[in-house]
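Colleague: Following this message is one structure expressed as structure tokens.
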Amino acid sequence: MSEILEKISGIVWGNGLIFLLLATGVYYTIKLRFIQLRMLPMLMKKNSEKVSDGGLSQLKTFCMSLGTAMGTGNITGVASAIAIGGPGAVFWMWVSAFFGMAVVYAENTLGARYRTGSCKGSIAYIRNGLGSRGLAAAFAVFCIFAALGMGGMVQVNSFAESIPGCTNMGKIIIAAASFVLIFSVTGGGASRIGSTAQFLLPLVTLGYSAAALAVIVKHSYNIIPVFSEIITDAFSFQPIVGGVGGFVVSRAVSAGIRRGIFSNEAGLGSSPLLHSAASGSVMKTQGTWSMLEVFVDTFVCCTLTALVILTSRKESINSVFATVFGALSSPFLTVSLGILAFCTVIGWYFCGESAFAYVFGDGHKRIFTLIFSVTAASGAVISASDVWTLSDIFNGLMAFPNILALLLLSKKVGKE
């Protein structure tokens with residue numbers, strides 16, 4: 001079964017999808033005249049918008065969406081990308097994030113334009129923009145399964161696996177505690193999810209960034225050589241023993257771009273679902289705020305992790321932080337992973353709930369809350385290898401109807 005799932009995942013996340021996502025980013029970057037470079041002026045101009053209809057504020061939707069994108073992958077995923085693709089993968093991670101900023105701008109602009117009632121975000125522009133009930137329903141189903149797997153079970157499993165490093169807490173206790181926390185927050189709807197993310201995410205982001213900077217400063221003598229390695233490795237075309245050089249280049253490109261896409265989720269359709277919780281009075285600015293999320297997620301947090309690993313010349317994240325914090329590194333990373341995982345879980349819950357409401361109606365949201373909480377908590381006690389693969393498949397499948405809609409509705413996307 002595992003081999004079959006791996007083959008399917010390889011097909012879904014093959015070079016075709018990676019190229020499609022990157023090409024869409026390049027297209028929108030040109031169409032919107034490199035709108036990424038005007039992100040900060042646009043935010044400064046429109047940061048005075050006020051909530052007027054009971055929806056969430058800009059800050060709450062920003063934190064909720066950013067928390068969903070960051071997750072545990074910003075720590076462990078970056079280390080994996082470097083291990084697979086070398087230092088050059090970091091450069092291509094930046095490239096994917098830069099073009100991804102244009103994609104999320106387009107996603108959220110279309111989401112604001114076409115949302116109606118329970119038809120929100122990417123579902124709204126697929127259903128109301130393209131006029132395709134079938135594609136909208138397919139996207140919603142893919143999203144529900146991705147939320148249950150990648151957004152819930154996998155995140156709790158990643159956190160549970162890090163627990164033995166600093167405590168002997170049993171997996172049953174972790175699962176029970178996870179259920180209580182997840183159910184209590186998600187049961188409060190978008191408002192409680194947004195408030196929780198607004199409280200937790202700045203704390204963990206600032207704490208992790210400060211710790212990472214401390215490690216980088218300690219190994220500051222390696223900063224210039226590391227940036228040189230990143231650029232050199234990204235464009236290294238020297239033939240090595242029968243053409244291995246070309247393989248190294250392609251591996252760096254693949255690992256970096258894939259890591260960037262997995263991290264910021266640009267093009268998958270999750271961002272506009274999260275931003276659909278925003279107040280109608282600030283909805284038109286969500287495209288700009290979503291670009292800031294990709295910037296913070298990849299250019300700030302993922303880059304800090306990459307520099308921590310590369311400047312310290314260590315392979316293990318825990319051993320890297322141990323060079324500065326000693327025995328405290330393991331508890332610090334466990335807490336950081338736990339908060340990041342929790343923010344991802346509650347954010348993905350909202351994506352799944354929005355999709356579930358579209359398919360089954362608003363009256364069944366409470367059922368989804370229970371199903372999601374139980375499924376996510378079970379990640380603490382089961383092996384998640386196949387769940388990881390299955391979740392990857394549904395996550396990738398979300399991209400196909402979403403990218404199709406983005407390309408066919410491109411004329412409806414303009415600068416705010």
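The values are calculated or read from the model by the stated rules, or taken from the named source; none is laboratory data. A quick note: this is a predicted structure, and the numbers were derived from the prediction, not measured. Backbone-built Cβ (ideal geometry, glycine too); neighbour counts: all protein chains shown. Protein only, heavy atoms only, side chains kept; ligands, DNA and RNA dropped before computing areas. Shrake-Rupley method; radii C 1.70, N 1.55, O 1.52, S 1.80 Å.
Colleague: Take every Cα pair under 8 Å in the stretch 111-217 that's 6+ residues apart, average their separations, divide by the length, and report that relative contact order as a whole percent.
Modeller: 10 percent
Colleague: So, one more: Over the chain, what is the relative contact order in percent, taking alpha-carbon pairs closer than 8 angstrom and at least six residues apart?
Modeller: 40 percent
Colleague: Give me the compactness ratio for the stretch 254-413, meaning the Cα radius of gyration over 2.2 N^0.38 Å.
Modeller: Dividing the Cα Rg of the stretch 254-413 by 2.2 N^0.38 Å gives 1.23.
Colleague: Which links in 171/365; 7/31; 60/412; 31/120; 45/365 stretch past 32 Å when you go from one Cα to the other?
Modeller: Correct reply: 7/31; 45/365.
Colleague: Rank these by accessible area, largest first, 1.4 Å probe: 153, 93.
Modeller: So the residues, ranked largest to smallest area, are 153, 93.
Colleague: With labels modelled as points extended 7 Å from the Cα through the Cβ direction, what inter-label distance (nm, one decimal) is found for residue 206 paired with residue 8?
Modeller: Reported label-point gap for residue 206 and residue 8 is 4.5 nm.
Colleague: Amide H neighbours of residue 56 under 5 Å, counting only residues 5+ apart in sequence or on other chains, H built in-plane at 1.01 Å?
Modeller: The list, which skips near neighbours in sequence, is 278, 279.
Colleague: If I build a Gaussian network model for the chain, linking alpha-carbon pairs within less than 10 angstrom, which residue out of 188, 88, 149 has the largest mean-square fluctuation?
Modeller: Taking springs between Cα atoms under 10 Å, the residue moving most is 188.
Colleague: Excluding residue 399 itself, what net charge comes from residues whose Cβ is under 14 Å from its Cβ, given Lys and Arg +1 and Asp and Glu -1?
Modeller: -2
Colleague: Based on DSSP H assignment, which helices of the chain show an axial Cα extent of at least 27 Å together with a mean Kyte-Doolittle hydropathy greater than or equal to -0.5?
Modeller: 88-114, 189-218, 244-264, 329-360, 385-408
Colleague: Would you please classify the overall shape of the chain from the alpha carbon gyration tensor, given that a ≥ b ≥ c denote the square roots of the eigenvalues, rounded means a/c under 1.5, and beyond that prolate means a/b larger than b/c while oblate covers the rest?
Modeller: Cα axes put the chain in the rounded bin.
Colleague: Let me ask something else about it. Calculate for the chain the 222 nm mean residue ellipticity that helices alone would give, adding -39,500 (n - 2.57) per DSSP H run of length 4 or more and normalising by residue count, nearest 500 deg cm²/dmol.
Modeller: Here the helix-only value at 222 nm equals -23500 deg cm²/dmol.
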